[in-house]
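Here, each number is a calculation from the coordinates, and none is a lab measurement. As the structure is a prediction and not an experimental result, all values here were calculated from the model. We place every Cβ from the backbone using ideal geometry, glycine too, and count neighbours over all the protein chains shown.
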Amino acid sequence: MAEQKDITVSAKTREGRGKNDARRARRAGMVPISVYGGEGGSVAALAPLRDLAAILRSESGRNTIFTLDIEGVGTSEVMFHERQIDLAFARLAKDPVHGRLTEELNAEVLFNDRYALVVGTKSKWARRKLGLADLVNEPWIMTPLDALGDSFLGGAFRRRGLKLPSLVITTFSVHLRNNLVGSGQFITALPQSVLQIYRSLHALKELPIDLSVQSPVAIVTLRNRTLSPVVQLFIQCAREVAQGLPGRQRSRKI
């Protein structure tokens, strides 16, 4: 549902319409936008990326109605209709076929992220030799088991003929999960890349139980969109970082 906010974003009309003009604008921290619905037809403008990003990160997000003040044109009450992105990092349910995720999307797998069973270093489970069956009725904190990542966890239990674990708390907040698991009262499953970052901070320990679960992490781009040199440089940097990660793959260029 749309929500009106007392927010004003200052913008200026956009003169150049070419790719080079758009690149120069982005380097200056501005985003090309088009405003529709006014009496004079559409207006091409440039708005600060920082201001628009703050609105998108707010609670109402893209449903926010805000004031756009375009220099020389005036003010209008607007909301987001469509936004374009250059790329996204995504955890996939399966490997892309020939570098293609859908008819509209390309995907390049950077590495396969293994899932690990995780407890707090001071928990009772950290000091015992356990199997997966021993953990079914213990308190777990996870995202819902129908979410992408944790659907893998449910599959690990089913393949062993076990019932699904008892989820005492479900949340999409990785910070909440790590804090509660670090307290020693809960069990969770985390991708190895996440565990590597938070292991020391939250006193986490991986249990020696192989889930045989891993998910591909990929860069996803639009098939028919030309990537700018800056985006291509960013992708190359991501490939180089991925080469140092467990489960890395030989990257295939998008």
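Some notes on this structure:
- Sequence-distant residues sharing a close amide H with Thr171 (under 5 Å, placed H): Met142, Thr143
- For the chain, the share of alpha carbon pairs falling in successive 5 Å distance bins from zero is 1, 5, 10, 12, 12, 12, 12, 11, 9, 6, 4, 3, 1, 0, 0 percent.
- Stretched out straight at 0.36 nm per residue, the stretch from Ser228 to Met79 would grow longer than its current Cα-Cα span by 51.0 nm.
- Aspartates and glutamates whose Cα lies under 16 Å from that of Lys124, excluding same-chain neighbours fewer than 8 positions away: Asp134, Glu138, Glu206
- Packing-based exposure ordering (other Cβ within 10 Å, fewest first) of Tyr36, Tyr115, Tyr198: Tyr36, Tyr198, Tyr115
- Residues Leu211, Leu227, ranked from the fewest to the most other C-beta atoms within 10 Å, line up as Leu227, Leu211.
- The amide H of Ser10, built 1.01 Å from its N in the peptide plane, has Asp69 as neighbours under 5 Å, considering only residues 5 or more places off or on other chains.
- Inter-label distance for Leu245 and Lys122, nm, one decimal - labels placed 7 Å from Cα along Cα-to-Cβ: 3.2 nm
- Charge context of Leu204, other residues only, Cβ under 12 angstrom, K/R +1, D/E -1: +3
- Spatially proximal aspartates and glutamates relative to Lys12 (Cα-Cα < 17 Å; intrachain offsets below 8 disregarded): Asp21, Asp51, Asp69, Glu71, Glu77
- Extension gain (nm, one decimal) between Ala28 and Gln236, 0.36 nm per residue minus Cα-Cα: 72.6 nm
- Neighbour counts of C-beta atoms inside 10 Å place Phe186, Phe234, Phe89 in the sequence Phe89, Phe234, Phe186, starting with the fewest.
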